[in-house]
Amino acid sequence: MRMMKALVHEKAGRPNASIKMVPYPTCGDDEVIIKVMACGICKWAEISHDTVGGGGTLARYPVITGHEFSGIIEEVGRNVKDLKPGDRVTADNAIPCGYCWYCKNGKPLCCENFGSHGHNKNGGFAQYMSIIAKNVVKIPDNLSFDEATLAEPVACAVEALDRADVKPGEEVIVSGMGPHGIILAQLFHHSNAQRSVAIGLVESRLRKLESYGITTILAERNDCSVHEAQLEKMFPNGVDIIVDTSGSWPMVQSLMKFLRKGGRFIQYGSYHSQIHIENPAKFLNDLHYNNQQYVGVSCQVNNFPRAVEYMRTGKCKVDMLVTHTFDLDDYFLALDTNKTDKSTLKVVIHPNGKPEG
């Protein structure tokens, strides 16, 4: 029996995870097998899998984790016509069921039986993986395998862009310049927006965005008055759209002051601790009387082709995002580095050794 190396979680928690030899996947008639060249660590998801009692609502164990992957097609099923061995690809990890109420009513993002490689289907922290061919997207020569792992976060950002529904002439604030914020800042910069600004805490990241033509504001972690003073000068009448990736409630409360009547607030960051709303009635009444929308966005379906096109054309540059790479054998060191090293943006695993492209 052909075997391969993989990171397997028997259940949530590091004591229940190991890198071991497992059977090589089978290739169904409508599937392909990908030789995984790179798989990114999604910090939130992998820490959740790494935590006893964690895993999140999508997780089903045992499972091979990793949902941000790229590689080379190794095999194709007999019904697959438009892909061939040797193609450089990434693939959409999301697989809605197609038969629940939400899927039947055109809302697959809310699927009640949501399938996801790396959560409840085997993912990319393995030398090989199988996936349905319709989810596979070829990657252009100007994207490396490491960069192509960012297709999943870019696809999620495309969902936020769609939900924001930017009208010509509108103005936008994007806050929190981690990987997702850096991606979102670029997408909104190239949208219908008349003007957008990126707010973050790390000056080097903001300088890079400025080299792309994006206006930035350097914030202070514990002093919202710093960015508020700059925003008041830039947007004396407020903005139409605010996108927050920071997961910081003080930042959200600060930014909400600048949301115009009829504006949209996109919550893209998640909260991992208790938050305190000083006056919940006022917060909700402000939304109500100002005709504002508070919109949550957390994932995507079917956005991979657009994500890859954004990267191919340079409208979303991801070369700055991959800061650290590790072999699969060093996965736990990689995850700990992602947790503790503040210089990390995106950490990528190489299941088959460092790729040439």
**OP:** Please say if the stretch 155-296 is rounded, prolate or oblate, where rounded means a/c under 1.5 for a ≥ b ≥ c the square roots of the C-alpha gyration tensor eigenvalues, and otherwise the choice is prolate for a/b larger than b/c and oblate otherwise?
**Re:** rounded
Original post:
Can you give me the Cα centroid spacing of the stretch 243-318 and the stretch 36-100 in angstrom?
Top reply: 26
Original post:
Once phi is turned into θ = phi - 60°, what whole-Hz ³J(HN,Hα) does the Karplus curve with 6.51, -1.76 and 1.60 give for every residue of the stretch 311-325, x standing for Gly and Pro?
Top reply: 6, 4, 7, x, 6, 9, 7, 10, 4, 6, 7, 7, 9, 9, 10
Original post:
For residue 210 and residue 21 in one chain, what is 0.36 nm times their gap in residues minus the Cα-Cα distance, to one decimal in nm?
Top reply: 63.5 nm
**OP:** Please state the charge dipole magnitude for the chain, taken about the Cα centre, from unit charges on C-beta atoms (+1 on K and R, -1 on D and E), reported in debye and rounded to the nearest 20.
**Re:** 360
Original post:
Which FRET efficiency value, to the nearest 0.05, do you get for residue 81 and residue 1 by plugging their Cβ-Cβ distance into 1/(1 + (r/R0)^6) with R0 = 35 Å?
Top reply: 0.75
Original post:
Where both residues lie in the stretch 155-296, what percent of DSSP beta bridges are antiparallel, nearest 5?
Top reply: 5
Original post:
Expressed in nm to one decimal, what extension gain is obtained for the pair residue 289 and residue 323 from 0.36 nm per residue of sequence separation less their Cα-Cα distance?
Top reply: 7.8 nm
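If we count other beta carbons within 10 Å of each Cβ, what is the order of 41, 64, fewest first?
64, 41
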Subject >> Packing rank of 150-158, 322-330, where each peptide gets the mean count of other beta carbons within 10 Å, highest leading >> reply: 150-158, 322-330
Original post:
Among the trypsin sites (Lys or Arg not before Pro) within the stretch 167-254, which fall in a DSSP loop and have no more than 12 other Cβ atoms within 10 Å of their own Cβ?
Top reply: 221
Subject >> Given the chain, longest segment not containing exposed loop GluC sites (Glu not before Pro) (DSSP; at most 10 other Cβ within 10 Å) >> reply: 1-277
Original post:
At what distance in angstrom do the alpha carbon centres of the stretch 15-32 and the stretch 151-169 lie from each other?
Top reply: 33
Subject >> Under-5 Å amide H pairs with residue 246, H placed in peptide plane, nonlocal only >> reply: 269
**OP:** Holding the Cα-Cα limit at 29 Å, pick out from 104/134; 107/138; 43/104; 11/84; 84/104 the pairs that are longer than that.
**Re:** 43/104; 11/84; 84/104
Subject >> Sites matching trypsin sites (Lys or Arg not before Pro) across the stretch 248-301 that sit in DSSP coil, with at most 15 neighbouring C-beta atoms within 10 Å >> reply: 257
Original post:
What's the FRET efficiency of residue 10 with residue 47 using the Cβ-Cβ distance as r and R₀ = 22 Å, to the nearest 0.05?
Top reply: 0.80
Original post:
Which of 19, 99, 250 sits farthest toward the positive end of the charge dipole of the chain, with +1 on the Cβ of Lys and Arg and -1 on the Cβ of Asp and Glu?
Top reply: 99
Original post:
How high is the FRET efficiency from residue 354 to residue 234, r the C-beta distance, R0 45 Å, rounded to 0.05?
Top reply: 0.55
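Read-outs throughout are calculated quantities, based only on the coordinates presented, and are distinct from any laboratory measurement. Remember, it's a predicted structure, so these values are computed and weren't measured experimentally. All Cβ positions, even for glycine, are placed from backbone atoms using ideal geometry, and neighbour counts span all protein chains on display.
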